[in-house]
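Trainee: Questions regarding the structure given below will be posed in turn.
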Amino acid sequence: MQTSLFDDQSLRDPLAARLRPQNLAEYVGQHHILGEGKVLSRLIESDQIPSMIFWGPPGVGKTTLARIIAHKSEAEFIDFSAVTSGIKEIRQVMQQAEASRRLGEKTILFVDEIHRFNSAQQDAFLPFVEKGSIILIGATTENPSFEINAALLSRCKVFVLHALKEADIVTLLQHALTSPQGFGNVAVSMDEELLHMIALFANGDARTALNTLEMVIVNGEVRDGTIWVEKEMLEQCISKKSLLYDKQGEEHYNLISALHKSMRNSDVQAAIYWLARMLEAGEEPLYIARRLIRFASEDVGMADSRALEICVSVFQACHFIGMPECSVHLTHAVTYLSLAPKSNALYRAYESAKQDAFNQMAEPVPLHLRNAVTKLMKDLDYGKGYEYAHDHEDQLTDMECLPDSLQGKMYYQPKAIGSEARVVQRMKDIAQWRAQHSQQKGK
């Protein structure tokens, strides 16, 4: 008699747990570190495992890999959660590991979400890592450079795990349908196309893919002892993709960086894509709008001063109507900035002036540029020699406004592109006028 999905007690555990690989041969993905001759493969095969950090997105096999390593090295495996454990629990585990070390036994301590430990908790591992009481394997979705203490990080080898490729996930799903630990003992009718749809939806996350497969099979239509999974059912289950994003983490900065650099490179298609990635993952639209305002002056500047006006207007639009309606306004600004002529002359001008402000002696403001608002100030020659530009026909004077040590310094050096080309000519005209009048005055 055909075993029914709903009667099989072996299927009560989650599919992802039932299919967890037990050895490297069953492990899928991460060929860049686990392929033949790769560093981690050699370390595992030679049983020379150091303390290490696995850094990668969710569902790529960090915990599974740590368990495989522990089994291969015949070490005691302690699974430790940074969410539920404190320093007291750390010390208890360390004492247990130290006792095992004295008996010649190795202990692998796996700490999931190690970035959630504070500095003091991370420091508690240090002495035990140093003397070899434990082999620490930490897993994190956050950049270890920012989230792991420098002292602890320096004693660990960092391995970067990548999101699984679509082909890898399809392989996992096919295995789930045929394996006795999966649905191998259940008659399931499901087109290959649907496996690719799940793999695309999972976005590199094996756990999401397996959970989705389990959901559609459990909700499939049972006819004549077979579970039929239709495209319509799958579409209901994957109607909303959960994009990897952390507003305070590295992915936040990676995506805004991608948006900026795409606009700077005048790649409007890429810029719109990265904008959509941020918005659909839940980014605050006003944050993006503020960054666009900065970009308008930093990367476009005087080459097209309309860019700043448009970005300020878009910020106001986002403030007034919010998401999802303001997505089109942000697209307007991103498109304009991408296609605008580019000049970073304003940014470079300020950075150059800032360096002089920091590094040069803080010279006093020249007397002729000071306001003489009291009789004493006038007696001290405040304002003496000041020339009011509007009193002159050309609205120009040859008066020096920089301190003596900086005279002749060129901070703003416009580029001959877009509207800034006219600025180049204007600055040439002013310089020429001043040179002529200086000669006439015998300067």
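The values are calculated or read from the model by the stated rules, or taken from the named source; none is laboratory data. Nothing here was measured: the structure is a model prediction, and the numbers come from that model. Note that each Cβ is placed from the backbone with ideal geometry, even for glycine, and that neighbours are counted across all protein chains shown. These area figures cover heavy atoms from the full protein model, side chains too; ligands, DNA and RNA do not enter into them. Shrake-Rupley method; radii C 1.70, N 1.55, O 1.52, S 1.80 Å.
Trainee: Which whole-number value in Å² is the accessible area per residue of region 86-219, probe 1.4 Å?
Mentor: Value returned for region 86-219: 46 Å² of accessible area per residue.
Trainee: With +1 assigned to the C-beta of every Lys and Arg and -1 to the C-beta of every Asp and Glu, and no other charges, what is the dipole magnitude of region 402-443 about the Cα centre in debye, to the nearest 20?
Mentor: Around 80 debye, computed over region 402-443.
Trainee: A further question on this structure: For the chain, find the longest principal axis of its Cα atoms and tell me its angle to the long axis of helix 62-72, 0 to 90°, nearest 10.
Mentor: It is inclined by approximately 50 degrees.
Trainee: Using +1 at the C-beta of Lys and Arg and -1 at the C-beta of Asp and Glu, which of GLN436, ALA416, HIS390 has the Cα lying farthest in the positive direction of the dipole of region 386-443?
Mentor: ALA416
Trainee: Continuing with this model, one more query. If the only charges are +1 at each Lys and Arg Cβ and -1 at each Asp and Glu Cβ, what is the size of the charge dipole of region 271-413 around the Cα centre, to the nearest 20 debye?
Mentor: 420
Trainee: Of the accessible area of region 28-80, with the probe set at 1.4 angstrom, what percent is carbon plus sulfur?
Mentor: 49
Trainee: Taking the Cα centre of the chain as the origin and placing charges on Cβ (Lys, Arg +1; Asp, Glu -1), which of LEU339, LEU406, ASN118 is farthest toward the positive end of the dipole?
Mentor: The residue sitting most towards the positive pole is LEU406.
Trainee: Let me ask something else about it. Taking the dipole about the Cα centre of the chain, with the C-beta of Lys and Arg at +1 and of Asp and Glu at -1, give me whichever of GLN355, MET94, PRO144 is farthest to the positive side.
Mentor: GLN355
Trainee: A further question on this structure: Using a 1.4 angstrom probe on heavy atoms only, work out the carbon and sulfur share of the accessible area of region 120-163 in %.
Mentor: 54
Trainee: Turning to a different aspect of this structure: Which GluC sites (Glu not before Pro) from region 292-340 combine a DSSP loop assignment with at most 15 other Cβ atoms within 10 Å?
Mentor: Here the GluC sites (Glu not before Pro) that fit, given the DSSP loop and packing criteria, are GLU325.
Trainee: Set the bar at 30 Å for Cα to Cα. Now go through LYS384/LYS409; LYS342/LYS409; LYS165/LYS342 and name every pair that lies beyond it.
Mentor: LYS165/LYS342
Trainee: Rounded to the nearest 500 deg cm²/dmol, what is the calculated helix-only ellipticity per residue at 222 nm for the chain, with -39500 (n - 2.57) per DSSP H run of length n ≥ 4?
Mentor: Roughly -14000 deg cm²/dmol at 222 nm, from the helical runs in the chain.
Trainee: Next up: Quick one: helix 250-264 against the long Cα principal axis of the chain, what's the angle to the nearest 10°, folded into 0 to 90?
Mentor: It is inclined by approximately 50 degrees.
Trainee: Mind checking the angle between helix 306-321 and the chain's longest principal axis? C-alpha axes, 0 to 90 degrees, to the nearest 10.
Mentor: 50
Trainee: Only four residue types carry charge here, +1 at the Cβ of Lys and Arg and -1 at the Cβ of Asp and Glu. Report the dipole size of the chain about the Cα centre in Debye, rounded to the nearest 20.
Mentor: That gives a dipole near 1440 debye.
Trainee: Looking at the calculated P(r) for region 281-345, what percent of the C-alpha pair distances fall above 19 Å?
Mentor: For region 281-345, the share of Cα pairs beyond 19 Å comes to 25 percent.
Trainee: While we're on this one: Just report the Cα centroid separation between region 15-90 and region 339-365, whole Å.
Mentor: Between the Cα centres of region 15-90 and region 339-365 lies a distance of 50 Å.
Trainee: Given region 17-84, what whole percent of its Cα pairs are spread farther than 16 Å?
Mentor: Result for the distance tail: 49 percent.
Trainee: Please work out, to two decimal places, the log10 of the ratio I(q)/I(0) at q = 0.20, 0.23, 0.27 Å⁻¹ from a Debye calculation in which every Cα of region 94-153 carries one identical scatterer.
Mentor: -0.73, -0.91, -1.13
Trainee: Per-residue counts of other Cβ atoms within 10 Å, averaged by peptide: what ranking do you get for 132-138, 408-414, highest first?
Mentor: Peptide ranking by packing, descending: 132-138, 408-414.
Trainee: Tell me, what % of the accessible area of region 286-429 is carbon and sulfur with a 1.4 angstrom probe?
Mentor: 56
Trainee: Still on this structure, please answer the following. Among all cysteines in the chain, which have no other cysteine Cβ under 4.7 Å from their own Cβ?
Mentor: CYS156, CYS237, CYS311, CYS401
Trainee: Here is a follow-up. For ASP47, ASP356, ASP191, give the ranking by accessible area with the largest first, probe 1.4 Å.
Mentor: Correct descending sequence by accessible area is ASP191, ASP47, ASP356.
Trainee: Before anything else, pin down the relative contact order of region 116-201: Cα pairs under 8 Å, at least 6 apart, normalised by residue count, whole percent.
Mentor: Computed value for region 116-201: 22 percent relative contact order.
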